[in-house]
Amino acid sequence: MEATSDRQRQRKGLRQGHAVVVGGSIAGLLAARALSESFERVTVVERDVTGVGVSRPLLEDTIRTRVSRIPGVTLIDRCAVLGLTASADGRRITGVRLREHDEGSAESVVRADLVVDAYAEGLAAPDLAEIVRRRNR
């Protein structure tokens, strides 16, 4: 039996799973575009409100508009990523912890099969280090 390629799976509607991209910059948006070919759902989380400007912001807004039209892709603005979630044994990243910027917002968790950190500051790096430390104890 021949292995099914990603492109064949997509044509047959066999995309599955959920990917979360942390950061809605050009890098995050392009990652979401690429992931949309392999994952049934892709969620992009951005801490800021996005808008149209000139130069890079205009390019970013154009890409954002096109990516938002891809079936299965969800863009979430004004939401802080508080950290990563992991499996009980600490071997797998299982999602991200979020809080909307609205006052009094509760923390929520978005589960994912894959998490991509596209924040310029590398927001998830400290969490990853802590998860690895716990696992190696």
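Extension gain for residue 59 to residue 100 (0.36 nm times residue separation, less C-alpha to C-alpha distance): 12.2 nm.
The GluC sites (Glu not before Pro) of the range 59-125 meeting both criteria, a DSSP state outside H, G, I, E and B (loop) and at most 12 other C-beta atoms within 10 angstrom of the site's C-beta, are 103, 121. Computed over protein heavy atoms with a 1.4 Å probe, the accessible surface of the range 39-120 works out to 61 Å² per residue.
The values are calculated or read from the model by the stated rules, or taken from the named source; none is laboratory data. The structure displayed is predicted, hence computed values, not measured ones. No Cβ is skipped: glycine too gets one built from the backbone with ideal geometry, and neighbour counts run over all protein chains shown. In case anyone asks, the SASA skips ligands and DNA or RNA and just uses the protein heavy atoms, side chains included. Shrake-Rupley method; radii C 1.70, N 1.55, O 1.52, S 1.80 Å.
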